[in-house]
Amino acid sequence: MIKRLLTILAMTICLTTMLQAQTVESFVTGLLQQYPEARLLDIYKSSFQDYMGAEHLVGDIESARGYLEQELSTTTSVDLQDWYYEPCGVEGRYVRISLKAVIDGKITPEVLLDAFVRSANGSERPTVEQWTDRWHQMIAVIDSMSLDLPHYEEDKQFIEKVLAMGKYAISHSPEYRDAYSPHYRIVRREIFDKELKPLIAGE
């Protein structure tokens, strides 16, 4: 009986690992198909946004509003990718809301700012150690994919140095910024589904 239970447990662990690997592979493959100029840094960024949320708490709302207004004043709809939102990472716990949604009049700057601030300040953030463990599981799968991405080992070592310092947030790669002009805010999935998605869809 015990041997049978151990066998079932081992099969369950194996199946869970396989499903996780398939999910990571699917996420990475999809990201690189949409953004062929992306590097490992960009895969990592979407992944930690999914796991950790916004990169910092928003203590000064007026500064956040001013930065958003400044970004909107220097960005046009044609500068941006042709989407209003996209999920982050493997699980899509957070959603990137493109400033295109504001520029095209789908939502107001105030609605986006409010959703962003509540998402950043209203969630319990996992620890860097928890994120590091999760990333190490992911990078093991990504390594096995043999992606042949430019600067792969360099990016991998840079990420490890950031994590070793007790930090986790990084910027998009220069190639990604030049090719895709990323201008967005991170919003928690529940807030997006309930409040922003109906507005963007015109419901």
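Assign one of three labels to segment 164-203, namely rounded, prolate or oblate, based on the Cα gyration tensor with a ≥ b ≥ c the square roots of its eigenvalues; rounded applies when a/c is under 1.5, prolate when it is not and a/b is larger than b/c, and oblate otherwise. Please list the in-between numbers first.
Working: a/c = 6.23, a/b = 1.63, b/c = 3.82.
Verdict is oblate for segment 164-203.
Run a plain Debye calculation on the chain (Cα atoms as equal point scatterers, no solvent) and give log10 I(q)/I(0) at q = 0.17 Å⁻¹, rounded to two decimals, same order as the q list.
-1.24
Order these by the 10 Å Cβ neighbour count, fewest first: Trp131, Trp83.
With the sparsest Cβ surroundings first, the list reads Trp83, Trp131.
Counting other beta carbons within 10 Å of each residue's own, what order do Leu32, Leu199 fall into, fewest first?
Going from sparsest to densest Cβ surroundings: Leu199, Leu32.
Lys45: which lysines have alpha carbons under 21 Å from its alpha carbon, excluding same-chain residues fewer than 8 sequence positions away?
Lys100, Lys156, Lys161, Lys167
May I ask you to list the lysines whose Cα is less than 22 Å away from that of Lys106, ignoring any residue fewer than eight positions away on the same chain?
Lys194, Lys197
Report the relative contact order of the chain, percent, no decimals, based on alpha-carbon pairs under 8 angstrom and at least 6 residues apart.
Details: 214 pairs, mean separation 72.6, N = 203.
Relative contact order comes out at 36 percent.
Kirkwood hydrodynamic radius (Cα pairs, Å) of segment 26-137? Present the calculation step by step, with values, prior to reporting the outcome.
Working: mean 1/r = 0.0650 Å⁻¹.
Every distinct Cα pair counted, the radius reaches 15.4 Å.
Output wanted: per-residue J couplings in Hz (rounded whole) for segment 180-193, from phi through Karplus 6.51 cos²θ - 1.76 cosθ + 1.60, θ = phi - 60°, x for Gly and Pro.
So the J values, rounded to whole Hz, are 10, 6, x, 9, 7, 10, 8, 10, 4, 4, 4, 5, 4, 4.
Readers should treat all values here as calculations from the given coordinates under stated rules, not as data from a laboratory. The structure presented is a predicted model; accordingly, all values stated were derived computationally and were not measured. When we count neighbours, we look across all protein chains shown, and the Cβ atoms used for this are built from the backbone with ideal geometry, even at glycine.
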